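Working notes, structure below.
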């Protein structure tokens, strides 16, 4: 399978960076049609930095292994981290974006980042790092739920349970795919 365009640039690179550019332009376009979307220059700067960091992380992951399972595992991990930061900055995982309890989720990301560094991007170790990230997400969700750190009433329960379930599923999917990649690499050819 040839994954390069005629000029030699990988198709995934063009699609990835082109998609990031479109995502950055969407709020600017939406601001032309509705007063519901109001972004400042700093909003665009922060979102652009987030997209750039996610893009660079994906570039590293795509180069780390030719195995598609590994690549999809990395996509899930980077995408999950991106979404967790975005949710917390935009509206807050728990309550609103000003709720200090949302800082717990920085610890979840720290577990994943430190785990990836210690794993040296090796698939089996990455699977363990993502499993650890899922465990950290579950712990943060339980602390939020039982500590009533989210919105009042049912909304707080919903935030903690649904958010924890969604992000734990992302981390566990990544762990599963990294594990499958490690299994494939361990098989003799």
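No lab work stands behind these numbers, since they all come straight from the coordinates. Small disclaimer: the values here were computed from a predicted structure and weren't measured. Positions of Cβ are generated from backbone atoms using ideal geometry, with glycine treated the same way; all protein chains shown enter the neighbour counts.
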Item to check | Relative contact order (%) - region 81-144, alpha-carbon pairs under 8 angstrom, separation at least six | outcome: 28 percent
Checklist outcome for this item: Semi-axes (Å, rounded, descending) of the ellipsoid equivalent to region 67-186 per its C-alpha gyration tensor are 28, 12, 11
Checklist entry - So for the pair residue 89, residue 43, with labels modelled 7 Å out along Cα→Cβ, what separation do we get in nm? => result 1.2 nm
Checklist entry - Sorted from fewest to most neighbouring beta carbons within 10 Å, what does the list 165, 173, 133 look like? => result 165, 173, 133
Checklist entry - Going by the alpha-carbon gyration tensor, a ≥ b ≥ c the square roots of its eigenvalues, is region 1-151 rounded (a/c under 1.5) or, if a/c is not under 1.5, prolate (a/b greater than b/c) versus oblate? => result oblate
Checklist entry - Contour minus end-to-end for residue 56 and residue 162, with contour as 0.36 nm per residue of separation and end-to-end as the Cα-Cα distance? => result 35.2 nm
Item to check | Relative exposure of 70, 158, judged by other C-beta atoms within 10 Å (fewest first) | outcome: 158, 70
Checklist entry - What is the Rg over Rh value, at two decimals, for region 70-125, using alpha-carbon atoms and the Kirkwood definition of Rh? => result 1.06
Checklist outcome for this item: Per the helix-only model, the chain has a calculated mean residue ellipticity at 222 nm (DSSP H runs of ≥4, -39500 (n - 2.57) each, divided over all residues, rounded to the nearest 500) of -26000 deg cm²/dmol
Checklist outcome for this item: Contact order relative to length for the chain, counting C-alpha pairs under 8 Å separated by 6 or more residues, stands in percent at 21 percent
Next on the checklist: Based only on other Cβ atoms within 10 Å, what is the fewest-to-most ordering of 181, 174?
Outcome noted: 181, 174
